[in-house]
Amino acid sequence: MTLEAQRLSWRRGGTLVVDGVTLRPEPGSTVGLLGPNGSGKSSLLRLLQGMSRPDSGTVMLDGVDLAQLHRREVARAVASVTQHADTDVDIVVRDVVRLGRTPHRSAFGGELARDERIIAEALEHVGLTAKADRLWHTLSGGERQRVHIARALAQEPRELLLDEPTNHLDIRHQLELLELVAALPVTAVVALHDLNLAAMFCDTVVVLRRGRVVAAGTPAEVLTSELIAEVYGVRAHVTCDDHSGRPTVVFRTGLPQRVAAR
């Protein structure tokens, strides 16, 4: 079993931002959430992690309604990385990552040696071992994002939810991060803007528009020039990469005919 959504709908500020979404990721797969700004990607991730309650529908973890589970139970299985996580506390990188161990600690303490090993491994995964004792506020935006990934990994999750994790990262670190996520033994749901990154690293993609699912399947099935024109309002040429067999999107100037005629 894994994390899944069944017919979720949710209004925020009177606006319907998630509209009847069903999502059933294959265990161990990487799922890309795609769609323009305001399509409901971040809102859907909030519902999946239990930060907000849907107005209708259910989020299930291992067949149990998320609303019936204690937050600590959820945190032991589901980790998330949001777009705007920050802190005013003067804290070092290692201690930010250590926060990921909180759900696994008991009132009597924990296995400190194991915790430190997991923290060290998480920092190594994101390439920040050398900066473990640096103060948070001295890091670049990209480095802070990688620290949050390490904190999520320190939770030892089975489900990993990431909201635009490649924001603030240069091309090299975008590729390294998504390659890492795709290789992890977890079910990952990743909100992305970059269609080519989604095509490279996601097993399946789900395209949202105005809170509804308009397409779902493998990148090759979903990422067509027609869908890109319809959902994003831009012209694109989609080819198949000879090496990977995955689609490559090349954008063109000018509006698609249907959009231009409006």
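The values are calculated or read from the model by the stated rules, or taken from the named source; none is laboratory data. From a predicted model like this one, the values you see are computed outputs, not experimental measurements. Cβ: placed from backbone, ideal geometry, glycine included. Neighbour counts: every protein chain shown.
One residue stands out in region 159-173 among those that are more than 21 Å from Ala132 (Cβ to Cβ) and surrounded by 20 or more Cβ atoms within 10 Å (Cβ to Cβ): the one that is modelled with the lowest pLDDT, namely Thr166. Residue pairs whose Cβ atoms lie under 8 Å apart, separated by 6 or more positions or on different chains, with the first residue in region 181-210 and in the same structural domain as Leu47 (by TED's automatic domain parsing) and the second part of a helix (DSSP H, G or I) and among the hydroxyl-bearing types (Ser, Thr, Tyr), are Ala191/Ser42.
Mind telling me which of the residues Thr218, Thr239, Thr253 ends up being of a type in the set (Ser, Thr, Tyr) and touching a Cys at 6+ places or on another chain (Cβ under 9 Å)? Outline the logic, then answer.
Working: Thr239 fails: touching a Cys at 6+ places or on another chain (Cβ under 9 Å); Thr253 fails: touching a Cys at 6+ places or on another chain (Cβ under 9 Å).
Sole residue among the options that is of a type in the set (Ser, Thr, Tyr) and touching a Cys at 6+ places or on another chain (Cβ under 9 Å): Thr218.
When region 196-210 is filtered for residues that are farther than 18 Å from Glu26 by Cβ and crowded, with 24+ Cβ neighbours inside 10 Å, only Leu208 remains. Checked across region 132-153, the condition of being modelled with pLDDT of 90 or more and under 30 Å from His237 (Cβ atoms) holds for no residue.
Each row is one residue, and each column tells you yes or no for (1) in contact with a His (Cβ under 7 Å, 6 or more places away or on another chain); (2) free of Cβ contacts under 8 Å to residues at least 60 places away in the same chain; (3) more than 27 Å from Asp115 (Cα to Cα).
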{"site": "Val31", "(1), (2), (3)": "no, no, yes"}
{"site": "Leu34", "(1), (2), (3)": "no, no, yes"}
{"site": "Met51", "(1), (2), (3)": "no, yes, no"}
{"site": "Leu61", "(1), (2), (3)": "no, no, no"}
{"site": "Ala75", "(1), (2), (3)": "no, no, no"}
{"site": "Val78", "(1), (2), (3)": "no, no, no"}
{"site": "Gln83", "(1), (2), (3)": "no, no, no"}
{"site": "Val89", "(1), (2), (3)": "no, yes, no"}
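Before we move on, is Ala132 touching a residue at least 24 places away in the same chain (Cβ under 8 Å), surrounded by fewer than 23 Cβ atoms within 10 Å (Cβ to Cβ) and in the same structural domain as Leu99 (by TED's automatic domain parsing)? The answer is yes for Ala132.
Taking the conditions exactly as written (small (Gly, Ala, Ser), under 16 Å from the mean Cα position of the chain (by Cα) and over 22 Å from Leu34 (Cβ atoms)), does Ala188 satisfy them or not? In short, no.
Kindly indicate whether Val186 is at pLDDT 95 or above, buried (at least 16 other Cβ atoms within 10 Å of the Cβ) and of a type in the set (A, V, I, L, M, F, W, C). Before the answer, list the steps.
Working: at pLDDT 95 or above: no; buried (at least 16 other Cβ atoms within 10 Å of the Cβ): yes; of a type in the set (A, V, I, L, M, F, W, C): yes.
Taking the combined requirement at face value, the residue does not satisfy it.
When Leu169 is tested against the conditions (1) hydrophobic (A, V, I, L, M, F, W, C); (2) in a loop (DSSP other than H, G, I, E, B); (3) more than 18 Å from Gln83 (Cβ to Cβ), the lone failure is (3). Residue by residue through region 179-188, note down the ones that are in contact with a Ser or Thr (Cβ under 8 Å, 6 or more places away or on another chain) and within 20 Å of Leu44 (Cα to Cα). Within region 179-188, Val181, Thr187, Ala188 meet the criteria. Taken over region 35-57, residues that are in contact with a Phe, Trp or Tyr (Cβ under 9 Å, 6 or more places away or on another chain) and of a type outside the set (Lys, Arg) amount to 11. Could you check, for region 58-80, whether at least one of its residues is of a type outside the set (Gly, Ala, Ser), closer than 22 Å to Leu177 by Cβ and surrounded by fewer than 18 Cβ atoms within 10 Å (Cβ to Cβ)? Within region 58-80, not a single residue is of a type outside the set (Gly, Ala, Ser), closer than 22 Å to Leu177 by Cβ and surrounded by fewer than 18 Cβ atoms within 10 Å (Cβ to Cβ).
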